Amino acid sequence: MIGSADDPGQSYALLNRRLATVLGWSALVALAVLAVLGLWVAPPDAVQRDAQRLMYLHVPAAWLAYLAFGVTALGSALYLWPRTRSAVWDRIAGASAEIGVVFTGLTLVLGSLWGRPVWGIWWAWDARLVTTAVLFFLYVGYLALRRIPGPGRATRCAIAALIAFVDVPIVHFSVDWWRTLHQEGTVFNEELKANIHGTMAFTLFWGVLAFTLVYVYLLDRRYRLEALEEGREERELTQAIAERVASGDGGAPGGSDELVDSGARR
């Protein structure tokens, strides 16, 4: 929720301060629990052994990248629709895209670390890997576009975000459409049948929960910064105008006095 305008500190946030604090601590605790579950509670995989434990970070990071870019696409669509057009949606889209880029980069790094002991290589020109890398650079380009000032910036960025989002389903279904080294979906596959059970499944879904809490917390923080940056520019402009007006008003009485004195001498 947007904070009240009566409190300047809260008018630039999605969440009120108390809720944001609780959310931040909850995310931290959830990550700590995930570390315990992933390292000591969940058993090693029968084939991949301990290397499989990276799944509890790699998969949640990928899913949260999807979510972040989905929020960016939704915010962009709502900005483009005249009835819902608001700077709030543009800020949400930009903030979510930044977090999505972080999660996508984390997905690529963790996937490389996982692939080295399993595939024997750090990188392969595999459909899933390549489309994920393309997704990363598409949204890096989107963020760069947001830094270019000028009329219509938000509209251009919203259109670019919707175009970039086309790659998200391509990434997800790449393992079904092409022959790849990457395994098929563990949970969201064509049969919609989870291929993971017990403690391993619980740890995976706990990782998704923990990363979701982190995402929401970071979204609120980044939105706050974006709004404060925009507010600072507006305040600087208002202050400059006020100083210019005050300077002009200050000179008027002096000029009036000169005219009166001048008339008295005559």
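The sole residue among G255, G207 that is at pLDDT below 65, part of a helix (DSSP H, G or I) and of a type outside the set (F, W, Y) is G255. Screening A93 on (1) surrounded by fewer than 18 Cβ atoms within 10 Å (Cβ to Cβ); (2) at pLDDT 95 or above shows it passes everything except condition (1).
Given the condition surrounded by fewer than 20 Cβ atoms within 10 Å (Cβ to Cβ) and touching a Lys or Arg at 6+ places or on another chain (Cβ under 6 Å), answer yes or no: does some residue in region 15-25 qualify?
no
When L110, L80 are screened for being over 17 Å from the mean Cα position of the chain (by Cα), within 21 Å of L218 (Cβ to Cβ) and at pLDDT 90 or above, only L110 passes.
When the test is whether a residue is part of a helix (DSSP H, G or I) and at pLDDT 90 or above, R235 does not pass it.
Taking region 31-44 as the range and being part of a helix (DSSP H, G or I) and among the aliphatic types (A, V, I, L, M) as the test, the residues that pass are L31, A32, V33, L34, A35, V36, L37, L39, V41. The combined condition, being of a type outside the set (K, R), surrounded by fewer than 21 Cβ atoms within 10 Å (Cβ to Cβ) and not in a helix (DSSP H, G or I), is fulfilled by V47.
Here's the yes/no breakdown for (1) under 22 Å from S96 (Cα atoms); (2) at pLDDT 90 or above; (3) surrounded by fewer than 19 Cβ atoms within 10 Å (Cβ to Cβ):
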{"position": "T199", "(1), (2), (3)": "no, yes, yes"}
{"position": "F202", "(1), (2), (3)": "no, yes, yes"}
{"position": "F211", "(1), (2), (3)": "yes, yes, no"}
{"position": "Y217", "(1), (2), (3)": "yes, yes, no"}
{"position": "R221", "(1), (2), (3)": "yes, yes, yes"}
{"position": "R224", "(1), (2), (3)": "yes, yes, no"}
{"position": "E229", "(1), (2), (3)": "yes, no, yes"}
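Residue-wise test of (1) crowded, with 16+ Cβ neighbours inside 10 Å; (2) touching a Ser or Thr at 6+ places or on another chain (Cβ under 6 Å); (3) within 21 Å of I99 (Cβ to Cβ).
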residue	(1), (2), (3)
V109	no, no, yes
A124	yes, no, no
V134	no, no, yes
Y142	yes, no, yes
A154	yes, no, yes
A161	yes, yes, yes
F165	yes, no, yes
P169	no, no, yes
L181	no, no, no
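Y66 meets all of the listed conditions (1) over 26 Å from A160 (Cα atoms); (2) modelled with pLDDT of 95 or more but one, namely (1).
The values are calculated or read from the model by the stated rules, or taken from the named source; none is laboratory data. From a predicted model like this one, the values you see are computed outputs, not experimental measurements. Cβ atoms come from the backbone with ideal geometry, glycine included; neighbour counts cover every protein chain shown.
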